[in-house]
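Reviewing the structure listed below.
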Amino acid sequence: MITGLVDPLEKTITLDDVAPKWAKRLAEEKKLPFPLSFKWFKWYFELDIPKRCVVGEAHGFSSSYEKECEECNRLGWQFGHSFIMRSRAGLDGDVCNFLQHWKDTHLSST
Ligand SMILES: [Zn+2]
C-alpha cells in the first residue's frame, strides 16, 4: 500500500465546490437573515424556487432533479424547511447530507 495518495473517491467536497453562490451566502451569514427582512425574503423565495435553491444551483440552476432524483428533491424541500424554522444547525445538517448524497450519487456522473 502506498501512503500519501488520496483515493479520488474519498476526496472531500465542500458546498463551495457544488453550489458556490449558496456557500458564500451561508458562510457570510453567521446567523440566518432576520425574519421578514429584505434578505430573508430573498432567501425564502430562492429556496422556494427549485432551480435557484441550493440543490438547484448544484444542478447548474436546473430543476431537472425534481423528476430525476428523489433524494435531491427531498433535500431541496428540507433546506427550505430548516430555513423557515430558522435552524442554522438544521441547514448545516442539510448541507452535510446533501454533500454526502452528491458525492455518492452525482459526483461521478457530472
Ligand atoms: Zn440527487
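Quick note: the coordinates plus some simple rules give every number you see, no bench work behind them. As the structure is a computational prediction, the values presented were derived from the model and not from experiment. Because the Cβ atoms are built from the backbone with ideal geometry, glycine has one as well, and the counts that use them run over all protein chains shown.
Summary table
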read-out	value
Residue within the range 81-91 that is touching a residue at least 60 places away in the same chain (Cβ under 8 Å), of a type outside the set (Val, Ile, Thr), away from the ligand (no atom under 16 Å from the Cβ) and in contact with a helix residue (DSSP H, G or I) (Cβ under 9 Å, 6 or more places away or on another chain) present	yes
Positions within the range 69-108 being over 15 Å from residue 13 (Cα atoms), in a helix (DSSP H, G or I) and either of a type in the set (S, T, N, Q) or touching a His at 6+ places or on another chain (Cβ under 9 Å) (or both), in sequence order	71, 72, 73, 75, 78, 82, 90
Count of residues meeting criterion [among the acidic types (Asp, Glu) and surrounded by fewer than 17 Cβ atoms within 10 Å (Cβ to Cβ)] in the range 25-58	3
Members of the range 12-42 found to be part of a helix (DSSP H, G or I) and among the acidic types (Asp, Glu), listed by number	16, 17, 28
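Every residue, every condition in (1) more than 21 Å from residue 28 (Cα to Cα); (2) out of contact with any Leu (no Cβ under 8 Å at 6 or more places or on another chain), yes or no:
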| site | (1), (2) |
| --- | --- |
| 71 | yes, yes |
| 81 | no, yes |
| 93 | no, yes |
| 97 | no, no |
| 107 | yes, yes |
